[in-house]
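> Before I ask anything, here is the structure I am working with.
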Amino acid sequence: MSLSYQALRRGALIGALVGVSAAGLLSPTLSQAAEVHHAGDISYLCGGVGQGSLKALQARAPEFNLGFWMVEGPQGAYLADVPIHVMQHGKTVAQFTAGGPLCYLKAPAGQYTIVGLHKQQERKIEMQTGNKNAYLRW
């Protein structure tokens, strides 16, 4: 009985290690989409690199009231690592680097200017809270 208990225990430990390893492989996709950051009164969530991350991020869209994509070229290639400034009434109210092509923001109601910089070229879009389908296009 002692031997079977040890074998069972060893099997459980191996199973736990495999589970932890698998979770470690999956967690970057899931955790990337789960990291909500804050800058002033603005909360933001950016990501979408990889199909799993994009789907996880889009599932969280109802939590936010602004959303925009960053794309390049005629095919709309996704961009990441784009410096973003969120402006209201000519003042920067938040700034961050977007970690993926899709960003969602939760902001006080109002009009915002989203400014992105890619390859030394600035792009701007005007957004009203409630709009989740705008594009910064280079």
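The values are calculated or read from the model by the stated rules, or taken from the named source; none is laboratory data. Computed from a predicted model, the values in this text were never measured in an experiment. Reconstructed Cβ throughout: ideal geometry from the backbone, glycine too, with neighbour counts over all protein chains shown.
> When residues of the stretch 68-83 are filtered for being touching a residue at least 40 places away in the same chain (Cβ under 8 Å) and either within 18 Å of residue 105 (Cβ to Cβ) or of a type in the set (D, E, K, R) (or both), how many remain?
7
> Another one. When residues of the stretch 110-131 are filtered for being in contact (Cβ under 8 Å) with a residue 24 or more places away in the chain and under 20 Å from residue 91 (Cα atoms), how many remain?
Looking only at that region, the number is 9.
> Mind listing whichever residues of the stretch 64-123 are charged (D, E, K, R), loosely packed, with under 15 Cβ neighbours inside 10 Å and in contact with a strand residue (DSSP E or B) (Cβ under 9 Å, 6 or more places away or on another chain)? Don't jump to the end; show me each part of the working.
First, the residues of the stretch 64-123 that are charged (D, E, K, R): 72, 81, 91, 106, 119, 122-123.
Of the ones still in play, those that are also loosely packed, with under 15 Cβ neighbours inside 10 Å are 81, 91, 119, 122.
81, 119, 122, listed by residue number.
> Now a separate question. Find the residue count for the stretch 105-125, including only residues that are more than 16 Å from residue 70 (Cβ to Cβ) and either part of a strand (DSSP E or B) or more than 18 Å from the chain's Cα centre (by Cα) (or both). Even if it seems obvious, please write down each step before you answer.
We begin by selecting, within the stretch 105-125, every residue more than 16 Å from residue 70 (Cβ to Cβ); these are 106-111.
Next cut, either part of a strand (DSSP E or B) or more than 18 Å from the chain's Cα centre (by Cα) (or both) only: 106, 108-111.
Number of matching residues: 5.
> Hand me the list of strands (runs of 3 or more DSSP E) wholly inside the stretch 9-89 holding 2 or more residues that are of a type in the set (Val, Ile, Thr) and modelled with pLDDT of 95 or more.
Here the list reads 82-88.
> Can you give me the number of residues within the stretch 126-136 that are assigned to a strand (DSSP E or B), over 18 Å from the mean Cα position of the chain (by Cα) and crowded, with 16+ Cβ neighbours inside 10 Å?
Final tally of qualifying residues: 1.
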